[in-house]
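Below is one structure, written out as C-alpha coordinates; comments come after it.
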Amino acid sequence: MAFDYDLFVIGGGSGGVRAARIAASEGGASVALAEESRMGGTCVIRGCVPKKLMVFAADFPTAMADARAYGWRLEAGGFDWPRFRTSLHEELARLEGIYRANLQRAGVSIFDQRATIEDAHTVVLADGRRVRARHILVATGGRPWLPEAATAAGALSSDALFDLDSLPRSLLIVGGGYIASEFASIYSGFGVEVTQFYRGQQILRGFDDEAREHVAGAMRARGVGLETETDVAAIDRVADGFRVTDSQGRVRVFEQVLYATGRAPNTGGLGLEAAGVALGPRGEVPVDAHSQTAVPSIHAVGDVTDRINLTPVAIREGEAFARTMFCATPRAADHDLVASAVFTRPEMGAVGLTEAEAAAQGPVEIYSAAFRPMHSSFARRDDRAMMKLVVRRVDRRVLGCHIVADGAGEMIQLAAIALKMGATKEDFDRTMAVHPTMAEELVTMKAPTRST
Ligand code: NDP
(Lines give C-alpha, C1' and ligand atoms only; values in the text may rest on other atoms or scores of the structure.)
Protein backbone atom coordinates (compact mmCIF):
# COMPACT_ATOMS: atom_id res chain seq x y z
CA MET A 1 0.00 0.00 0.00
CA ALA A 2 1.48 3.33 -1.03
CA PHE A 3 1.52 6.17 1.47
CA ASP A 4 2.09 9.88 0.83
CA TYR A 5 3.72 10.30 4.24
CA ASP A 6 5.06 8.15 7.07
CA LEU A 7 3.35 10.45 9.57
CA PHE A 8 0.49 12.94 9.33
CA VAL A 9 0.10 15.13 12.41
CA ILE A 10 -3.19 16.95 13.01
CA GLY A 11 -2.56 19.98 15.20
CA GLY A 12 0.41 22.37 15.36
CA GLY A 13 0.55 22.84 19.13
CA SER A 14 3.18 21.78 21.63
CA GLY A 15 2.72 18.01 21.29
CA GLY A 16 2.15 17.85 17.54
CA VAL A 17 5.06 20.10 16.60
CA ARG A 18 7.50 18.22 18.85
CA ALA A 19 6.44 14.83 17.44
CA ALA A 20 6.64 16.07 13.83
CA ARG A 21 10.11 17.58 14.27
CA ILE A 22 11.62 14.52 15.95
CA ALA A 23 10.04 12.05 13.50
CA ALA A 24 11.35 14.06 10.55
CA SER A 25 14.75 15.30 11.70
CA GLU A 26 15.87 12.43 13.92
CA GLY A 27 13.77 9.56 12.58
CA GLY A 28 14.16 10.40 8.89
CA ALA A 29 10.40 10.04 8.38
CA SER A 30 8.42 11.92 5.74
CA VAL A 31 6.05 14.05 7.80
CA ALA A 32 3.14 16.41 7.16
CA LEU A 33 1.32 18.58 9.69
CA ALA A 34 -2.03 20.35 9.38
CA GLU A 35 -3.07 23.28 11.56
CA GLU A 36 -6.40 25.08 11.09
CA SER A 37 -5.54 28.06 13.26
CA ARG A 38 -2.10 29.45 14.13
CA MET A 39 1.11 27.49 14.52
CA GLY A 40 2.09 27.04 18.16
CA GLY A 41 -1.34 26.04 19.48
CA THR A 42 -2.99 27.01 22.74
CA CYS A 43 0.20 27.45 24.74
CA VAL A 44 1.86 29.90 22.38
CA ILE A 45 -1.14 31.71 20.90
CA ARG A 46 -3.83 31.82 23.58
CA GLY A 47 -2.44 30.20 26.72
CA CYS A 48 0.77 29.94 28.71
CA VAL A 49 2.88 32.44 26.76
CA PRO A 50 0.52 35.44 26.44
CA LYS A 51 -0.79 34.68 29.93
CA LYS A 52 2.70 34.82 31.44
CA LEU A 53 3.47 38.07 29.59
CA MET A 54 0.25 39.49 31.04
CA VAL A 55 1.34 38.29 34.49
CA PHE A 56 4.57 40.24 34.06
CA ALA A 57 2.65 43.34 32.88
CA ALA A 58 0.25 43.11 35.82
CA ASP A 59 3.09 42.88 38.34
CA PHE A 60 4.31 46.41 37.73
CA PRO A 61 1.92 48.29 40.05
CA THR A 62 3.22 46.20 42.99
CA ALA A 63 6.79 46.60 41.78
CA MET A 64 6.31 50.37 41.55
CA ALA A 65 4.80 50.54 45.03
CA ASP A 66 7.77 48.49 46.26
CA ALA A 67 10.18 50.77 44.39
CA ARG A 68 8.82 53.77 46.28
CA ALA A 69 9.25 51.92 49.56
CA TYR A 70 12.85 51.21 48.53
CA GLY A 71 13.52 54.89 48.04
CA TRP A 72 12.84 55.44 44.34
CA ARG A 73 11.00 58.58 43.32
CA LEU A 74 8.44 57.50 40.73
CA GLU A 75 5.68 59.35 38.98
CA ALA A 76 2.33 57.65 38.92
CA GLY A 77 1.28 56.56 35.44
CA GLY A 78 -1.43 54.47 33.87
CA PHE A 79 -1.42 51.19 32.02
CA ASP A 80 -1.75 51.51 28.25
CA TRP A 81 -3.54 48.28 27.37
CA PRO A 82 -3.71 48.82 23.56
CA ARG A 83 0.03 49.50 23.49
CA PHE A 84 0.79 46.37 25.52
CA ARG A 85 -1.65 44.33 23.38
CA THR A 86 0.16 45.42 20.21
CA SER A 87 3.54 44.36 21.63
CA LEU A 88 2.01 41.13 22.89
CA HIS A 89 0.72 40.19 19.45
CA GLU A 90 4.01 41.11 17.82
CA GLU A 91 5.73 38.72 20.19
CA LEU A 92 3.20 35.94 19.51
CA ALA A 93 3.68 36.41 15.75
CA ARG A 94 7.45 36.15 16.25
CA LEU A 95 7.08 32.91 18.22
CA GLU A 96 4.62 31.51 15.69
CA GLY A 97 7.21 32.20 12.98
CA ILE A 98 9.84 30.28 14.93
CA TYR A 99 7.54 27.26 15.27
CA ARG A 100 6.84 27.32 11.54
CA ALA A 101 10.51 27.77 10.62
CA ASN A 102 11.56 24.89 12.88
CA LEU A 103 9.07 22.58 11.18
CA GLN A 104 10.21 23.69 7.73
CA ARG A 105 13.88 23.23 8.66
CA ALA A 106 13.07 19.66 9.73
CA GLY A 107 11.48 19.06 6.31
CA VAL A 108 7.88 18.82 7.52
CA SER A 109 5.19 19.67 4.90
CA ILE A 110 2.73 22.17 6.38
CA PHE A 111 -0.95 22.42 5.50
CA ASP A 112 -2.56 25.57 6.89
CA GLN A 113 -6.03 24.15 6.99
CA ARG A 114 -8.30 21.81 8.92
CA ALA A 115 -7.77 18.08 8.53
CA THR A 116 -10.14 15.28 9.49
CA ILE A 117 -9.74 11.53 9.59
CA GLU A 118 -11.51 9.30 7.05
CA ASP A 119 -10.07 5.94 7.99
CA ALA A 120 -7.06 4.36 9.70
CA HIS A 121 -4.65 5.77 7.12
CA THR A 122 -6.53 8.58 5.33
CA VAL A 123 -6.73 12.25 6.20
CA VAL A 124 -9.04 14.64 4.34
CA LEU A 125 -7.99 18.27 4.08
CA ALA A 126 -10.50 21.14 4.09
CA ASP A 127 -9.72 21.84 0.41
CA GLY A 128 -10.84 18.30 -0.44
CA ARG A 129 -7.44 16.67 -0.90
CA ARG A 130 -6.98 13.17 0.49
CA VAL A 131 -3.66 12.21 2.01
CA ARG A 132 -2.58 8.68 2.93
CA ALA A 133 -0.25 8.20 5.87
CA ARG A 134 1.31 5.14 7.53
CA HIS A 135 0.64 6.76 10.93
CA ILE A 136 -1.73 9.54 12.00
CA LEU A 137 -1.09 11.57 15.17
CA VAL A 138 -4.00 13.47 16.67
CA ALA A 139 -2.69 16.47 18.62
CA THR A 140 -5.68 18.80 18.44
CA GLY A 141 -5.60 19.94 22.07
CA GLY A 142 -8.58 21.28 23.94
CA ARG A 143 -10.97 24.19 23.85
CA PRO A 144 -12.75 26.21 26.53
CA TRP A 145 -15.99 24.73 27.82
CA LEU A 146 -18.77 27.14 28.93
CA PRO A 147 -22.27 26.39 30.22
CA GLU A 148 -24.94 27.08 27.57
CA ALA A 149 -26.40 30.09 29.41
CA ALA A 150 -22.99 31.76 29.44
CA THR A 151 -22.47 31.22 25.71
CA ALA A 152 -25.99 32.46 24.99
CA ALA A 153 -25.37 35.65 26.97
CA GLY A 154 -22.08 36.28 25.15
CA ALA A 155 -19.75 35.79 28.12
CA LEU A 156 -16.04 35.55 27.30
CA SER A 157 -13.82 32.48 27.36
CA SER A 158 -10.09 32.74 27.98
CA ASP A 159 -9.51 32.69 24.19
CA ALA A 160 -10.88 36.25 23.94
CA LEU A 161 -8.83 37.77 26.74
CA PHE A 162 -5.79 38.62 24.68
CA ASP A 163 -7.73 40.65 22.11
CA LEU A 164 -10.02 42.89 24.17
CA ASP A 165 -10.41 46.39 22.70
CA SER A 166 -10.21 47.94 26.13
CA LEU A 167 -9.94 46.81 29.72
CA PRO A 168 -13.32 46.60 31.45
CA ARG A 169 -13.95 48.60 34.60
CA SER A 170 -15.39 45.53 36.30
CA LEU A 171 -14.95 41.85 35.52
CA LEU A 172 -16.70 38.79 36.90
CA ILE A 173 -14.70 35.58 36.59
CA VAL A 174 -16.59 32.32 37.02
CA GLY A 175 -14.58 29.25 38.08
CA GLY A 176 -11.89 28.37 40.59
CA GLY A 177 -9.29 26.49 38.53
CA TYR A 178 -5.92 27.53 37.12
CA ILE A 179 -7.33 29.84 34.44
CA ALA A 180 -9.96 31.60 36.58
CA SER A 181 -7.55 32.22 39.43
CA GLU A 182 -4.64 33.34 37.24
CA PHE A 183 -6.79 35.84 35.33
CA ALA A 184 -8.33 37.12 38.57
CA SER A 185 -4.81 38.06 39.68
CA ILE A 186 -3.83 39.47 36.28
CA TYR A 187 -6.87 41.73 35.82
CA SER A 188 -6.77 42.82 39.42
CA GLY A 189 -3.12 43.80 38.81
CA PHE A 190 -4.25 45.87 35.80
CA GLY A 191 -6.54 47.82 38.12
CA VAL A 192 -9.79 46.18 37.01
CA GLU A 193 -12.35 45.56 39.74
CA VAL A 194 -12.39 41.74 39.78
CA THR A 195 -15.04 39.52 41.34
CA GLN A 196 -14.46 35.77 41.23
CA PHE A 197 -17.27 33.26 41.83
CA TYR A 198 -16.33 29.73 42.80
CA ARG A 199 -19.09 27.20 43.39
CA GLY A 200 -17.11 25.08 45.90
CA GLN A 201 -15.57 25.79 49.30
CA GLN A 202 -12.11 26.73 48.12
CA ILE A 203 -10.49 27.54 44.78
CA LEU A 204 -7.80 25.41 43.11
CA ARG A 205 -9.34 22.06 43.92
CA GLY A 206 -6.77 19.27 43.74
CA PHE A 207 -3.95 21.32 45.25
CA ASP A 208 -2.87 21.12 48.90
CA ASP A 209 -5.59 22.55 51.19
CA GLU A 210 -3.21 24.67 53.25
CA ALA A 211 -1.65 26.13 50.09
CA ARG A 212 -5.12 26.83 48.61
CA GLU A 213 -6.16 28.68 51.78
CA HIS A 214 -2.95 30.66 51.67
CA VAL A 215 -3.36 31.66 48.00
CA ALA A 216 -7.02 32.56 48.42
CA GLY A 217 -6.32 34.72 51.47
CA ALA A 218 -3.49 36.52 49.70
CA MET A 219 -5.56 37.09 46.55
CA ARG A 220 -8.30 38.66 48.65
CA ALA A 221 -5.74 40.80 50.46
CA ARG A 222 -4.52 42.05 47.08
CA GLY A 223 -8.01 43.09 46.09
CA VAL A 224 -9.64 40.16 44.26
CA GLY A 225 -13.29 39.93 45.29
CA LEU A 226 -13.28 36.16 45.72
CA GLU A 227 -16.67 34.74 46.64
CA THR A 228 -16.69 31.01 47.36
CA GLU A 229 -19.78 28.78 47.46
CA THR A 230 -21.24 31.21 44.95
CA ASP A 231 -22.38 30.47 41.43
CA VAL A 232 -24.23 32.24 38.65
CA ALA A 233 -27.99 31.61 38.82
CA ALA A 234 -28.86 33.84 35.83
CA ILE A 235 -26.94 35.98 33.39
CA ASP A 236 -28.35 38.49 30.89
CA ARG A 237 -26.79 40.98 28.56
CA VAL A 238 -27.74 44.58 29.41
CA ALA A 239 -26.70 47.93 27.94
CA ASP A 240 -23.71 48.43 30.20
CA GLY A 241 -22.56 44.82 30.50
CA PHE A 242 -24.05 41.72 32.10
CA ARG A 243 -26.69 41.51 34.77
CA VAL A 244 -25.81 38.57 36.98
CA THR A 245 -27.97 36.99 39.65
CA ASP A 246 -25.86 34.85 41.96
CA SER A 247 -26.87 31.69 43.82
CA GLN A 248 -27.68 33.78 46.91
CA GLY A 249 -30.11 35.90 44.91
CA ARG A 250 -27.93 39.04 44.75
CA VAL A 251 -28.09 40.97 41.48
CA ARG A 252 -25.08 42.89 40.16
CA VAL A 253 -23.97 44.34 36.84
CA PHE A 254 -20.44 43.58 35.55
CA GLU A 255 -18.98 45.17 32.45
CA GLN A 256 -17.45 41.88 31.33
CA VAL A 257 -17.86 38.25 32.38
CA LEU A 258 -15.23 35.55 31.86
CA TYR A 259 -16.13 31.88 32.22
CA ALA A 260 -13.13 29.70 33.04
CA THR A 261 -15.15 26.59 33.77
CA GLY A 262 -12.79 24.05 32.24
CA ARG A 263 -11.60 22.82 28.89
CA ALA A 264 -12.79 19.93 26.74
CA PRO A 265 -10.83 17.74 24.30
CA ASN A 266 -10.98 19.12 20.77
CA THR A 267 -12.36 16.09 18.94
CA GLY A 268 -15.65 17.39 17.47
CA GLY A 269 -16.07 16.43 13.82
CA LEU A 270 -12.60 14.94 13.59
CA GLY A 271 -13.86 11.61 12.26
CA LEU A 272 -12.22 9.47 14.92
CA GLU A 273 -15.28 7.39 15.72
CA ALA A 274 -15.95 6.53 12.07
CA ALA A 275 -12.30 5.47 11.82
CA GLY A 276 -12.82 3.05 14.72
CA VAL A 277 -11.59 5.09 17.71
CA ALA A 278 -14.37 5.27 20.34
CA LEU A 279 -14.09 8.52 22.31
CA GLY A 280 -14.18 8.69 26.11
CA PRO A 281 -16.97 10.33 28.14
CA ARG A 282 -15.47 13.84 27.89
CA GLY A 283 -14.74 13.44 24.18
CA GLU A 284 -11.13 12.49 24.89
CA VAL A 285 -9.10 10.06 22.79
CA PRO A 286 -8.32 6.96 24.88
CA VAL A 287 -4.70 5.87 24.43
CA ASP A 288 -2.21 3.42 26.00
CA ALA A 289 1.12 4.31 27.63
CA HIS A 290 2.63 4.75 24.14
CA SER A 291 -0.18 7.12 23.08
CA GLN A 292 -1.62 4.50 20.71
CA THR A 293 -5.41 4.31 20.22
CA ALA A 294 -7.46 1.17 19.60
CA VAL A 295 -6.62 1.63 15.89
CA PRO A 296 -2.88 0.79 15.70
CA SER A 297 -2.02 3.42 13.07
CA ILE A 298 -3.74 6.27 14.98
CA HIS A 299 -2.04 7.87 17.96
CA ALA A 300 -2.87 10.89 20.11
CA VAL A 301 -0.88 13.14 22.46
CA GLY A 302 -1.53 16.18 24.63
CA ASP A 303 -4.76 17.69 25.96
CA VAL A 304 -6.90 15.79 23.44
CA THR A 305 -6.12 12.65 25.48
CA ASP A 306 -7.08 14.39 28.77
CA ARG A 307 -4.26 12.82 30.78
CA ILE A 308 -2.32 15.66 32.44
CA ASN A 309 -3.24 18.81 30.52
CA LEU A 310 0.02 20.72 30.61
CA THR A 311 2.31 21.81 27.78
CA PRO A 312 5.49 20.06 29.00
CA VAL A 313 3.52 16.81 29.31
CA ALA A 314 2.25 17.11 25.72
CA ILE A 315 5.82 17.75 24.55
CA ARG A 316 7.13 14.66 26.33
CA GLU A 317 4.25 12.56 24.99
CA GLY A 318 4.93 13.79 21.45
CA GLU A 319 8.62 13.10 21.81
CA ALA A 320 8.07 9.61 23.26
CA PHE A 321 5.69 8.76 20.43
CA ALA A 322 8.12 9.93 17.72
CA ARG A 323 11.13 8.16 19.26
CA THR A 324 9.17 4.94 19.72
CA MET A 325 7.77 4.91 16.19
CA PHE A 326 10.55 6.42 14.10
CA CYS A 327 13.84 6.39 16.03
CA ALA A 328 13.98 2.80 17.30
CA THR A 329 14.31 4.11 20.85
CA PRO A 330 10.96 3.18 22.41
CA ARG A 331 9.88 5.05 25.49
CA ALA A 332 6.75 6.18 27.31
CA ALA A 333 6.19 9.62 28.80
CA ASP A 334 6.54 9.53 32.58
CA HIS A 335 3.40 10.97 34.18
CA ASP A 336 4.58 10.53 37.75
CA LEU A 337 5.53 13.50 39.97
CA VAL A 338 4.67 16.21 37.45
CA ALA A 339 5.28 19.61 39.00
CA SER A 340 3.18 22.60 38.05
CA ALA A 341 2.77 26.25 38.91
CA VAL A 342 -0.29 28.45 39.14
CA PHE A 343 0.63 32.01 38.23
CA THR A 344 -1.71 33.67 40.67
CA ARG A 345 -0.36 36.49 42.80
CA PRO A 346 1.17 35.15 44.92
CA GLU A 347 2.30 32.23 42.80
CA MET A 348 1.88 28.60 43.79
CA GLY A 349 4.14 25.69 42.89
CA ALA A 350 3.37 22.07 43.69
CA VAL A 351 4.84 18.66 43.13
CA GLY A 352 3.80 15.29 44.53
CA LEU A 353 1.09 14.48 47.01
CA THR A 354 -1.02 16.89 49.00
CA GLU A 355 -1.12 16.45 52.77
CA ALA A 356 -4.56 14.82 52.53
CA GLU A 357 -3.50 12.41 49.76
CA ALA A 358 -0.35 11.37 51.62
CA ALA A 359 -2.15 11.00 54.96
CA ALA A 360 -4.67 8.69 53.29
CA GLN A 361 -1.79 6.37 52.37
CA GLY A 362 -0.18 6.17 55.83
CA PRO A 363 1.47 8.17 58.65
CA VAL A 364 3.02 11.48 57.62
CA GLU A 365 4.96 14.36 59.14
CA ILE A 366 4.17 17.85 57.91
CA TYR A 367 6.79 20.59 57.87
CA SER A 368 5.16 23.90 57.10
CA ALA A 369 6.24 27.51 57.49
CA ALA A 370 4.56 30.81 56.64
CA PHE A 371 6.66 33.92 56.93
CA ARG A 372 7.00 37.47 55.67
CA PRO A 373 9.79 37.52 53.07
CA MET A 374 12.55 40.09 53.42
CA HIS A 375 11.61 41.90 50.20
CA SER A 376 7.96 42.42 51.22
CA SER A 377 8.79 43.12 54.82
CA PHE A 378 11.01 46.08 53.88
CA ALA A 379 8.32 47.35 51.50
CA ARG A 380 5.80 47.09 54.37
CA ARG A 381 3.77 44.74 52.22
CA ASP A 382 1.81 42.19 54.17
CA ASP A 383 2.66 39.25 51.92
CA ARG A 384 3.49 35.92 53.47
CA ALA A 385 5.30 33.08 51.75
CA MET A 386 4.50 29.45 52.50
CA MET A 387 6.78 26.41 52.22
CA LYS A 388 5.57 22.93 52.99
CA LEU A 389 7.01 19.43 52.88
CA VAL A 390 4.90 16.32 53.24
CA VAL A 391 7.07 13.50 54.61
CA ARG A 392 6.21 9.78 54.81
CA ARG A 393 7.05 8.66 58.33
CA VAL A 394 7.99 5.09 57.55
CA ASP A 395 10.97 5.94 55.34
CA ARG A 396 11.22 9.77 55.66
CA ARG A 397 10.69 10.20 51.94
CA VAL A 398 9.40 13.61 50.87
CA LEU A 399 6.15 12.87 49.05
CA GLY A 400 5.02 16.41 48.38
CA CYS A 401 6.34 19.95 48.24
CA HIS A 402 4.06 23.00 48.13
CA ILE A 403 5.27 26.57 47.81
CA VAL A 404 3.34 29.84 47.75
CA ALA A 405 5.71 32.71 47.11
CA ASP A 406 7.01 35.06 44.45
CA GLY A 407 9.00 32.78 42.14
CA ALA A 408 7.31 29.59 43.40
CA GLY A 409 7.22 28.27 39.82
CA GLU A 410 10.99 28.57 39.55
CA MET A 411 11.55 26.98 42.95
CA ILE A 412 9.26 24.02 42.44
CA GLN A 413 11.06 23.02 39.24
CA LEU A 414 14.21 22.39 41.30
CA ALA A 415 12.42 20.78 44.22
CA ALA A 416 10.81 18.42 41.68
CA ILE A 417 14.24 17.02 40.78
CA ALA A 418 14.87 16.13 44.42
CA LEU A 419 11.47 14.48 44.78
CA LYS A 420 11.92 12.60 41.50
CA MET A 421 15.21 11.24 42.85
CA GLY A 422 13.42 10.01 45.98
CA ALA A 423 14.87 12.56 48.42
CA THR A 424 14.21 12.08 52.12
CA LYS A 425 13.71 14.83 54.68
CA GLU A 426 17.30 14.16 55.81
CA ASP A 427 18.54 14.85 52.25
CA PHE A 428 16.82 18.25 52.44
CA ASP A 429 18.27 18.83 55.95
CA ARG A 430 21.88 18.07 54.98
CA THR A 431 21.68 20.47 52.03
CA MET A 432 23.29 23.78 52.96
CA ALA A 433 20.97 26.79 52.86
CA VAL A 434 21.40 29.58 50.33
CA HIS A 435 21.15 32.78 52.35
CA PRO A 436 19.31 35.10 52.28
CA THR A 437 16.60 33.52 50.12
CA MET A 438 13.04 32.37 50.63
CA ALA A 439 13.81 28.86 49.40
CA GLU A 440 16.30 28.25 52.23
CA GLU A 441 13.25 27.59 54.39
CA LEU A 442 12.91 24.27 52.54
CA VAL A 443 16.15 23.01 54.10
CA THR A 444 15.85 24.64 57.52
CA MET A 445 12.50 23.42 58.81
CA LYS A 446 13.55 21.38 61.86
CA ALA A 447 10.50 20.24 63.83
CA PRO A 448 7.34 18.88 62.26
CA THR A 449 4.34 21.20 62.43
CA ARG A 450 2.12 18.16 62.91
CA SER A 451 2.16 14.44 62.32
CA THR A 452 -0.37 11.68 61.85
P1 NDP B 1 -10.06 23.54 35.63
O2 NDP B 1 -10.68 22.23 35.35
O3 NDP B 1 -8.77 23.62 36.36
O4 NDP B 1 -11.10 24.44 36.47
C5 NDP B 1 -12.42 24.60 36.07
C6 NDP B 1 -13.14 25.37 37.17
O7 NDP B 1 -14.45 25.68 36.77
C8 NDP B 1 -13.24 24.58 38.46
O9 NDP B 1 -13.07 25.48 39.53
C10 NDP B 1 -14.67 24.04 38.39
O11 NDP B 1 -15.22 23.83 39.67
C12 NDP B 1 -15.39 25.18 37.71
N13 NDP B 1 -16.57 24.74 36.99
C14 NDP B 1 -16.69 23.72 36.12
N15 NDP B 1 -17.94 23.66 35.62
C16 NDP B 1 -18.63 24.68 36.17
C17 NDP B 1 -19.96 25.13 36.05
N18 NDP B 1 -20.84 24.52 35.26
N19 NDP B 1 -20.33 26.19 36.79
C20 NDP B 1 -19.45 26.82 37.60
N21 NDP B 1 -18.17 26.43 37.76
C22 NDP B 1 -17.77 25.37 37.05
O23 NDP B 1 -10.02 24.27 34.23
P24 NDP B 1 -9.28 25.55 33.70
O25 NDP B 1 -10.15 25.98 32.59
O26 NDP B 1 -8.97 26.51 34.79
O27 NDP B 1 -7.92 24.97 33.14
C28 NDP B 1 -7.91 23.89 32.22
C29 NDP B 1 -6.61 23.14 32.29
O30 NDP B 1 -5.60 23.92 31.69
C31 NDP B 1 -6.12 22.88 33.70
O32 NDP B 1 -6.62 21.68 34.21
C33 NDP B 1 -4.64 22.84 33.53
O34 NDP B 1 -4.25 21.53 33.28
C35 NDP B 1 -4.37 23.70 32.32
N36 NDP B 1 -3.79 25.00 32.70
C37 NDP B 1 -2.58 25.05 33.34
C38 NDP B 1 -2.01 26.24 33.70
C39 NDP B 1 -0.70 26.25 34.41
O40 NDP B 1 -0.02 25.24 34.41
N41 NDP B 1 -0.30 27.35 35.06
C42 NDP B 1 -2.67 27.52 33.42
C43 NDP B 1 -3.94 27.37 32.77
C44 NDP B 1 -4.46 26.16 32.43
P45 NDP B 1 -14.98 22.47 40.52
O46 NDP B 1 -13.63 22.60 41.15
O47 NDP B 1 -16.09 22.50 41.50
O48 NDP B 1 -15.09 21.35 39.55
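Answer yes or no as to whether ALA370 is in contact with a strand residue (DSSP E or B) (Cβ under 9 Å, 6 or more places away or on another chain), among the hydrophobic types (A, V, I, L, M, F, W, C), surrounded by fewer than 18 Cβ atoms within 10 Å (Cβ to Cβ) and closer than 22 Å to ARG222 by Cα. The answer is yes for ALA370.
For the range 134-171, filtering for residues that are under 19 Å from GLY191 (Cβ atoms), touching a strand residue (DSSP E or B) at 6+ places or on another chain (Cβ under 6 Å) and part of a helix (DSSP H, G or I) leaves 0.
Residues in the range 226-261 that are under 30 Å from the mean Cα position of the chain (by Cα) and polar (S, T, N, Q): THR228, THR230, THR245, SER247, GLN256, THR261.
Counting just the residues of the range 161-176 that are surrounded by fewer than 19 Cβ atoms within 10 Å (Cβ to Cβ) and more than 14 Å from the ligand (Cβ to nearest atom), which one comes out modelled with the lowest pLDDT? Looking at residues that are surrounded by fewer than 19 Cβ atoms within 10 Å (Cβ to Cβ) and more than 14 Å from the ligand (Cβ to nearest atom), I get ASP163.
Scanning the range 60-86 for residues that are among the hydroxyl-bearing types (Ser, Thr, Tyr), closer than 21 Å to ARG345 by Cβ and loosely packed, with under 13 Cβ neighbours inside 10 Å yields a count of 1. Would you be able to say whether some residue in the range 35-46 is of a type in the set (S, T, N, Q), at pLDDT 95 or above and within 30 Å of HIS375 (Cβ to Cβ)? Checked the range 35-46: no residue is of a type in the set (S, T, N, Q), at pLDDT 95 or above and within 30 Å of HIS375 (Cβ to Cβ).
In the range 293-374, counting only strands (runs of 3 or more DSSP E) that sit wholly within it, the ones holding 2 or more residues that are more than 16 Å from the ligand (Cβ to nearest atom) and under 24 Å from the mean Cα position of the chain (by Cα) span 298-300. Summed over the range 196-233, the residues that are surrounded by fewer than 21 Cβ atoms within 10 Å (Cβ to Cβ), more than 13 Å from the ligand (Cβ to nearest atom), in contact (Cβ under 8 Å) with a residue 40 or more places away in the chain and closer than 13 Å to LEU172 by Cβ give a count of 0.
Scanning the range 411-435 for residues that are outside any loop (DSSP other than H, G, I, E, B) and small (Gly, Ala, Ser) returns ALA415, ALA416, ALA418. Can you name the condition, by its number, that ALA93 falls short on among (1) surrounded by 15 or more Cβ atoms within 10 Å (Cβ to Cβ); (2) closer than 28 Å to VAL342 by Cβ? Looking at each condition in turn, ALA93 falls short on (1). The test for being within 24 Å of the chain's Cα centre (by Cα) and more than 16 Å from the ligand (Cβ to nearest atom) does not hold for ALA106. Among residues of the range 34-71 being part of a helix (DSSP H, G or I) and acidic (Asp, Glu), the one that is farthest from the ligand (Cβ to nearest atom) is ASP66.
The set of residues from the range 240-266 being part of a loop (DSSP other than H, G, I, E, B) and more than 16 Å from the ligand (Cβ to nearest atom) comprises ASP240, GLY249, ARG250, GLU255. Selection of first residues in the range 343-357 that are at positive phi and of second residues that are in a helix (DSSP H, G or I) and modelled with pLDDT of 95 or more, restricted to Cβ pairs under 6 Å at least 6 apart or on distinct chains, gives the following pairs, ordered by first then second residue: GLY352/LEU419. How about the range 96-130: which of its residues are loosely packed, with under 14 Cβ neighbours inside 10 Å and closer than 30 Å to LYS51 by Cα? Selection gives GLY97, ILE98, ALA101, GLN104, ARG105, GLN113.
Considering the range 177-195, the residues that are crowded, with 23+ Cβ neighbours inside 10 Å and under 21 Å from GLY400 (Cβ atoms) include one that is nearest to the ligand (Cβ to nearest atom), namely TYR178.
The values are calculated or read from the model by the stated rules, or taken from the named source; none is laboratory data. All values derive from a computational prediction rather than experimental measurement. Methodologically, a virtual Cβ is constructed for each residue, glycine included, from the backbone with ideal geometry; neighbour enumeration extends over all protein chains shown.
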